[in-house]
Structure formats: C-alpha cells, structure tokens
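What follows is a set of notes on a single structure, which appears directly below.
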2 protein chains.
Amino acid sequence: MTKPDPLLDALAQVAFKTTTALTEVAGDVGLTLPQLRVLGILRGRRVRMSDLAAYLALEKSSLSGLVDRAEGRGLVKRERSEADARAIEVFLTDRGEALARAIEHRAASAVDDLLGPLSQAERDALLGLLAKALSD
Amino acid sequence: MTKPDPLLDALAQVAFKTTTALTEVAGDVGLTLPQLRVLGILRGRRVRMSDLAAYLALEKSSLSGLVDRAEGRGLVKRERSEADARAIEVFLTDRGEALARAIEHRAASAVDDLLGPLSQAERDALLGLLAKALSD
DNA sequence: TATTGTTATACTCTATAACTATA
DNA sequence: TATAGTTATAGAGTATAACAATA
C-alpha cells in the first residue's frame with residue numbers, strides 16, 4: 001500500500017503546528033499570519049518592497065496589498081528611496097514596533113508550549129540542526 | 001534593543017520554508033496547500049467532516065468549502081455516515097489517491113532539498129526530536 | 001438541547017495582466 | 001529595455017452568523 005516518509009511527515013506536522021500556533025498569536029492581536037511575518041521581518045529594518053516580496057516568496061502585487069493593509073492600521077510606513085526613485089522602502093511605525101515586540105513574547109511562549117516534551121539539551125540540539133538546515 | 005529568541009526564529013523560518021516548498025509542490029499539480037493537506041490526511045482513511053475540521057484547526061464552514069472544491073475536482077467524495085445520520089464522511093477517490101501518491105514523492109524530494117546540509121545521522125537525530133516534540 | 005453540516009456574507013491573501021515612472 | 005511598484009480583477013481560504021436535520 002503506502003510508504004510514508006517519516007521525516008517528511010514529522011517536518012510537515014511540526015511546520016503546520018507552528019504556523020497554526022503563530023496564526024493564533026496573530027489573531028490574538030488582531031492580525032493575520034502574513035501580517036505577523038511582515039512585522040517580524042521589519043523589526044529594526046528598512047526594506048525595499050521588492051526585497052520584502054522576494055523574502056516572503058510573494059508577487060509584488062500581493063505585497064502591495066499586504067503593506068496597504070498594514071499601513072492602514074498604522075503599523076508600517078512607506079517612503080521613497082533616496083538612492084533609487086523607483087523603489088519604495090517600508091519600515092515599522094512606533095506602534096508597529098510595539099506590536100512586534102508583544103508578538104515576539106507571545107510567539108516565544110507558544111513555541112515553548114509546542115516543544116513541551118523536549119528537555120533543554122534537546123532544544124539546544126534541535127536549534128543546532130535547524131540552524132544548519134537553514135544555512136544552505 | 002531587541003532580544004530575539006533563536007529557537008523561535010529557527011523554528012519559524014523552517015516552518016515557513018517547509019510550507020513554501022509544499023505550496024510549490026501543490027501548485028505543480030494544480031492544488032493549493034490546504035487541498036494538499038486534505039489529500040495527505042485522507043490517504044487510506046475515511047474521516048468525518050467534523051473530525052477533519054478539528055484536525056486542520058478550521059471552522060466547519062471553512063472545511064465545507066475546501067471539500068466542495070476538492071469534490072468538484074473529483075478528488076474526494078462525501079457519504080452519509082451509517083452510524084450517525086447527521087455526520088458525513090469524506091474519502092479519496094481513485095484519482096485523489098493517485099494524486100496523493102504523486103504528491104508524496106514530490107514532497108519527500110522537496111523536503112530532502114530543504115534539509116540539504118544535514119547528514120544522514122543528523123536527519124535521524126532531527127526526526128527523533130521532531131517526533132518527540134509531536135508526542136505531547 | 002446539543003451536535004453535524006451547509007449556506008450566506010465579508011474580508012484577507014494571492015496571482016496574472018496591464019499600467020506608470022524611473023533607470 | 002529593464003526594473004519597481006500599483007491597480008484591476010478573479011479565485012481560494014477563512015470566520016461569523018443563521019439555518020436545517022438528527023441525536
């Protein structure tokens with residue numbers, strides 16, 4: 001019959017559990033998951049629309065809407081780039097920074113719950129493996 | 001300034017990378033990520049709508065639409081439960097099973113790429129940690 | 001009364017295509 | 001010509017609220 005790939009299954013399940021948890025955190029503060037991602041990426045940074053779209057693996061037009069809505073809520077601002085008059089840079093407002101901070105705390109707590117059964121040593125090992133997987 | 005949580009960051013990034021990869025796999029076969037999840041869960045199973053919704057962490061109404069579209073593509077079928085006349089069970093059609101099988105191969109390959117830098121021993125260790133995290 | 005599922009409605013997310021402005 | 005971004009449009013996903021049928 002079927003031949004499941006255990007690593008695929010485990011990774012997919014953890015990924016879905018993580019996004020579900022982050023979606024809940026976002027909802028708690030009146031955001032969606034993509035909005036939470038934008039805030040997370042923009043913490044302490046000023047990013048060009050095209051770079052942000054590439055990082056999120058979204059089309060430019062999708063990002064326009066995302067940023068429109070975030071801007072409408074007063075969380076981010078747009079500013080024309082001085083170096084390239086075609087480009088627009090996005091960054092967090094004070095309110096956006098504050099919300100991003102609140103989200104970070106809640107998200108860390110949610111992830112902590114998710115990893116409940118793991119000891120500190122196991123968490124360290126997991127971090128090492130994840131970091132290496134991300135290093136390619 | 002800020003105090004990032006390394007494990008939160010790494011887990012979130014891996015989760016997003018995984019879902020991005022699975023979204024691409026889904027797109028390759030004309031599906032969306034939620035549809036891919038439905039197919040993956042339904043492999044070799046017959047599940048009640050309410051159970052499927054709970055598993056996916058979706059409202060019943062959201063699942064109705066998801067299953068409507070999958071049924072419209074001939075991938076799943078609905079059947080009234082014999083045990084409880086209120087309940088409806090969903091299951092894959094032959095075409096749905098075949099597509100789920102094709103997805104499994106592509107997804108395994110995509111995850112393999114994602115974990116590129118990890119040795120076999122590290123993959124085994126990662127699987128162990130993920131499985132334990134999921135065991136709560 | 002409680003549970004199962006659907007429908008109606010509204011909003012968010014996303015992509016494609018066509019457009020403007022700048023390089 | 002190529003790149004950066006927006007707008008228009010359409011489809012999918014999601015939640016809330018109201019509903020019908022069954023337990």
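Here, each number is a calculation from the coordinates, and none is a lab measurement. All values derive from a computational prediction rather than experimental measurement. Cβ coordinates were reconstructed from backbone atoms using ideal geometry, including for glycine residues, and neighbour counts include every protein chain displayed.
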The condition from (1) away from chain B (no Cβ under 14 Å); (2) among the small types (Gly, Ala, Ser); (3) buried (at least 19 other Cβ atoms within 10 Å of the Cβ) that A:Ala107 misses is numbered (1)
Considering residues that are assigned to a helix (DSSP H, G or I) and farther than 14 Å from A:Asp9 by Cβ, the number found within the stretch B:115-128 is 5
Taking first residues from the stretch B:6-30 that are at the interface with chain A (Cβ under 7 Å from one of its Cβ atoms) and second residues anywhere that are among the acidic types (Asp, Glu), the pairs with Cβ under 9 Å that are 6 or more apart or on different chains are B:Leu7/A:Asp112; B:Leu7/A:Asp124; B:Leu8/A:Glu104; B:Leu8/A:Asp112
Next item on the list: Evaluate the following for A:Glu82: is it part of a strand (DSSP E or B), more than 10 Å from chain B (Cβ to nearest Cβ) and within 14 Å of DNA strand C (Cβ to nearest atom)?
Entry: no
Residue hits (the stretch B:32-55; of a type in the set (A, V, I, L, M) and touching a residue at least 24 places away in the same chain (Cβ under 8 Å)) are B:Leu36, B:Val38, B:Leu39, B:Leu42, B:Val47, B:Met49, B:Leu52
Requested in this report: Kindly indicate whether A:Val14 is among the β-branched types (Val, Ile, Thr) and within 13 Å of DNA strand C (Cβ to nearest atom).
Outcome: no
